[in-house]
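Shown next, in structure tokens, is the structure this report addresses.
The values are calculated or read from the model by the stated rules, or taken from the named source; none is laboratory data. Only a predicted model underlies this, so the values are computations on that prediction, with no experimental measurement involved. Here the Cβ is made from the backbone with ideal geometry for all residues, glycine too, and neighbour counts use every protein chain on show. SASA here: full protein model, heavy atoms, side chains in, ligands and nucleic acids out. Shrake-Rupley method; radii C 1.70, N 1.55, O 1.52, S 1.80 Å.
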Amino acid sequence: MFRYVHTNIIARDPEKLIRFYKTVFRCESIGETRDLRGEWLDRLTGLENAHIVGEHLRLPGYEGDHPTLEIFSYDAGLPSAPAINRQGLAHLAFEVEDVEDTLALLLQNGGSQLGELVRTEYEDGRKAVFAYAADCEGNLVELQSWY
């Protein structure tokens, strides 16, 4: 078997970030919470006395228990500074019914906007609306709607 399983976000406040993704992006609990520690986890992570808590949320538009957004927190974390052009994983993208409405909901729930909301038309005639934003902990997300 070969399949995509999850994307992991390390949160400062996992409960708050889990609520954010449930409220804004309609992610759903699948009953997979975690409270992990032990020698095996230390070996896996390369961290001494690692302790992880969090939950898997099914992404919108899918059935069953995958793919998920895995929102975890370690007892000790390091600060980060997200930027839309940084190397590595840059953002999560969600296709939404209405970018403006979703952006407003995101802002009401502690998120922030990067750049402007834009409307564009591609050479093949497809039209889209896009916005870059950040969740309540600064992780970058793209909102898009096609028509």
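Testing the spin-label approximation: label points 7 Å from Cα along Cα→Cβ at E116 and R26. State their distance in nm.
With each label point 7 Å from Cα toward Cβ, the separation is 2.9 nm.
Could you please state how large a percent of the accessible area of the chain is carbon and sulfur, counting protein chains only and using a 1.4 Å probe? Each step should come with its number before you reach the end.
Values: 4600 of 9430 Å².
Using a 1.4 Å probe with all protein chains present, the chain comes out at 49 percent carbon and sulfur.
Only helical DSSP H runs with n ≥ 4 go in: add -39500 (n - 2.57) per run for the chain, normalise by residue count and round the 222 nm mean residue ellipticity to 500 deg cm²/dmol.
-5500 deg cm²/dmol
Considering all alpha-carbon pairs of the chain, what whole percent are spaced by more than 25 angstrom?
35
Label R37 and Y147 with points 7 Å out from Cα along Cα→Cβ: what is the distance between them in nm?
The answer from the label model is 5.2 nm.
When you count, for each residue, the other Cβ atoms within 10 Å and take the mean per peptide, how do 122-128, 63-69, 140-146, 40-46 rank with the highest first?
On the way: 122-128: 8.7, 63-69: 13.9, 140-146: 17.7, 40-46: 11.1.
Per-residue Cβ counts within 10 Å, averaged per peptide and sorted highest first, yield 140-146, 63-69, 40-46, 122-128.
What base-10 log of the normalised intensity I(q)/I(0) is obtained for region 100-146 from the Debye formula, alpha carbons as equal point scatterers, at q = 0.15, 0.16 Å⁻¹?
Values returned for q = 0.15, 0.16 Å⁻¹ are -0.39, -0.44.
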